[in-house]
């Protein structure tokens, strides 16, 4: 695809019809590769739970895991990526004890930790693109297979590398959020603690099978994603960014 240098779809054609707008070449299976860089305007909030009990619920909801052994293995991996000293034969109870230091710091959600510091994952970028696509174009049918736009993007758009480094070894701080819930027992307040990094930048590559999305579609998707945000607590205005690079990788 052609590199998109503008971020406003001012010259885009009508975006409200339901026709098969993405282009699909008739032959060959090739990918267009675009290099991207986004800069966060303020705080990016980490959304990975640090309490094993929270991690278990997160894995069930986000990863679709139900098998007990699969959940335990995923918890081991996630806690290891959070910097907790874990080993293969640990039970759920031992995992909870191993993460006590994290719980003591009351950091209930945060970032994963790797050899180059804190990072987010490529799958989160893809999830962001799918969400913006669904918000903008839900109900349409794209391509010769008449797929819904979200599924169309899921099958044709890929992000690499797997780990996107935030350029820091530790979070800039912890954001305290107070929530209010109403239930059978009446109103109650909850406290949430969330690690954040400030004004970080992410660089990544977006690969598109058969150059299946037009520049105008990409402009719409990125403009929405910038304002909708990335990461946790987006409903509170966190995670908004500027896309300052989007160009074809030769």
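The values are calculated or read from the model by the stated rules, or taken from the named source; none is laboratory data. All figures in this text were calculated on a predicted structure; none of them were measured in a lab. Methodologically, a virtual Cβ is constructed for each residue, glycine included, from the backbone with ideal geometry; neighbour enumeration extends over all protein chains shown.
The residue that is farthest from residue 168 (Cα to Cα), among those in the range 119-130 that are touching a residue at least 24 places away in the same chain (Cβ under 8 Å) and in a helix (DSSP H, G or I), is 130. Among residues that are surrounded by 15 or more Cβ atoms within 10 Å (Cβ to Cβ) and within 14 Å of the chain's Cα centre (by Cα), residue 240 is included.
Residues in the range 131-184 that are under 18 Å from the mean Cα position of the chain (by Cα) and in a loop (DSSP other than H, G, I, E, B): 161, 162, 166, 167, 171.
Looking only at the range 48-63, decide whether some residue is touching a helix residue (DSSP H, G or I) at 6+ places or on another chain (Cβ under 9 Å), under 28 Å from residue 206 (Cα atoms) and modelled with pLDDT of 70 or more. Yes - at least one qualifying residue is present in the range 48-63. Sort out which residues of the range 147-157 are under 21 Å from residue 203 (Cβ atoms) and surrounded by fewer than 16 Cβ atoms within 10 Å (Cβ to Cβ), and write them in order of number. Result: no residue meets the conditions. Please find, within the range 27-47, the residue that is modelled with the highest pLDDT out of those that are closer than 22 Å to residue 150 by Cα and not in a strand (DSSP E or B). The selected residue is 30. Yes or no: the range 111-128 includes at least one residue that is crowded, with 18+ Cβ neighbours inside 10 Å, within 30 Å of residue 223 (Cα to Cα), modelled with pLDDT of 95 or more and in contact with a helix residue (DSSP H, G or I) (Cβ under 8 Å, 6 or more places away or on another chain). For the range 111-128, residues crowded, with 18+ Cβ neighbours inside 10 Å, within 30 Å of residue 223 (Cα to Cα), modelled with pLDDT of 95 or more and in contact with a helix residue (DSSP H, G or I) (Cβ under 8 Å, 6 or more places away or on another chain): present. Name, by its number, the condition in (1) in a strand (DSSP E or B); (2) touching a helix residue (DSSP H, G or I) at 6+ places or on another chain (Cβ under 8 Å); (3) closer than 25 Å to residue 115 by Cα that does not hold for residue 243. It fails just one condition, (3).
Take the range 205-225 and flag every residue that is within 18 Å of residue 164 (Cβ to Cβ) and surrounded by fewer than 18 Cβ atoms within 10 Å (Cβ to Cβ). Selection gives 205, 207.
For (1) in contact with a strand residue (DSSP E or B) (Cβ under 6 Å, 6 or more places away or on another chain); (2) at pLDDT below 95; (3) in a strand (DSSP E or B), each residue gets a yes or a no:
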| site | (1), (2), (3) |
| --- | --- |
| 187 | no, yes, yes |
| 194 | yes, yes, yes |
| 202 | yes, no, yes |
| 212 | no, yes, no |
| 225 | no, no, no |
| 230 | no, no, no |
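Looking across the range 129-146, just one residue is buried (at least 18 other Cβ atoms within 10 Å of the Cβ) and modelled with pLDDT under 95, and that is 143.
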